[in-house]
Amino acid sequence: MIRTNIALRIGTFLTHPYLTLATRLILGGLFIFAGAMKLPYLMTFAGEVNKYHILPYSLAQIYAFTLPGVEVALGLFLVLGLFLRSSAAVSILLTISFVIAKSVALAQGMGVEPCWCFGPARTLMLTHTLALDFVMLVLALQILFHRGEFLALGPWLYRIARRIY
């Protein structure tokens, strides 16, 4: 009986609309900040991505030049509550790519290198940003499994569109 009660409380907490709103705002804010801080320094960021030696040069360039814009757009979608399931799924894939890149870099002995995750605004060590990536992954999973339509524009716009058409 006690286990059932605890599980029920945890389930209620994990699906609470305020928690999902908070995870959307935190994760979206992180993506907006990270992308916006890298946008003015795309060439420098491309050089930083190439340091990892994971992708061929041309793919690393494409990744480096598109990532900041994708991060800003994804962050806006999360904050505004648009395309929540898709945004959460893309957030998960993007964060997994970060985890893989940083894990490879750590395996190659680059652990003391600063990460350009937030551009020149805030340089952190790879190990610190790897821990942040796991937190971001948990936030994205919470959004994916509980869309949380509280203060989300997507469902509101959908209802308006259904009335019109």
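Among the residues examined, Thr129 does not qualify as more than 23 Å from Thr23 (Cα to Cα), part of a helix (DSSP H, G or I) and among the polar types (S, T, N, Q).
Let's see how each residue does on (1) at pLDDT below 95; (2) part of a strand (DSSP E or B); (3) under 30 Å from Leu157 (Cα atoms):
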{"site": "Gly47", "(1), (2), (3)": "yes, no, no"}
{"site": "His53", "(1), (2), (3)": "yes, no, no"}
{"site": "Glu71", "(1), (2), (3)": "no, no, yes"}
{"site": "Phe77", "(1), (2), (3)": "no, no, yes"}
{"site": "Leu94", "(1), (2), (3)": "no, no, yes"}
{"site": "Thr123", "(1), (2), (3)": "yes, yes, no"}
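May I ask you to list the residues in the stretch 87-102 that are surrounded by fewer than 16 Cβ atoms within 10 Å (Cβ to Cβ) and either among the polar types (S, T, N, Q) or within 14 Å of Val70 (Cα to Cα) (or both)? Ala89, Leu93, Ser97 - these are the residues of the stretch 87-102 that are surrounded by fewer than 16 Cβ atoms within 10 Å (Cβ to Cβ) and either among the polar types (S, T, N, Q) or within 14 Å of Val70 (Cα to Cα) (or both). Gly154 fulfils the conditions (1) in contact with a Phe, Trp or Tyr (Cβ under 8 Å, 6 or more places away or on another chain); (2) of a type in the set (Gly, Ala, Ser); (3) within 17 Å of Leu30 (Cβ to Cβ) except for a single criterion, (3). Please identify the pairs in which a residue from the stretch 105-117 that is modelled with pLDDT of 85 or more and outside any strand (DSSP E or B) has its Cβ atom under 8 Å from the Cβ atom of a residue that is loosely packed, with under 15 Cβ neighbours inside 10 Å and small (Gly, Ala, Ser), counting only partners at least 6 apart or on another chain. The qualifying pairs are Ala105/Gly111.
Considering Phe145, Phe134, Phe150, the condition of being at pLDDT 95 or above and either hydrophobic (A, V, I, L, M, F, W, C) or under 22 Å from Lys38 (Cβ atoms) (or both) is satisfied by Phe134 alone. Would you check which residues across the stretch 27-61 are over 19 Å from the mean Cα position of the chain (by Cα) and in contact (Cβ under 8 Å) with a residue 60 or more places away in the chain and list them? Within the stretch 27-61, Pro40, Tyr41, Thr44, Glu48, Lys51 meet the criteria.
For the condition touching a residue at least 24 places away in the same chain (Cβ under 8 Å), under 22 Å from Leu42 (Cα atoms) and among the β-branched types (Val, Ile, Thr), Val79 does not qualify.
Quick one: would you say Arg85 is touching a Lys or Arg at 6+ places or on another chain (Cβ under 9 Å) and either touching a residue at least 40 places away in the same chain (Cβ under 8 Å) or within 20 Å of Asn50 (Cα to Cα) (or both)? Taking the combined requirement at face value, the residue satisfies it. Give just the number: which of (1) modelled with pLDDT of 85 or more; (2) within 28 Å of Ala22 (Cα to Cα); (3) of a type in the set (Ser, Thr, Tyr) does Tyr158 not satisfy? Condition (1) is where Tyr158 drops out.
The values are calculated or read from the model by the stated rules, or taken from the named source; none is laboratory data. Worth saying up front: this structure is predicted, and the values here are computed from it rather than measured. Note that we place each Cβ from the backbone using ideal geometry, even for glycine, and neighbour counts take in every protein chain shown.
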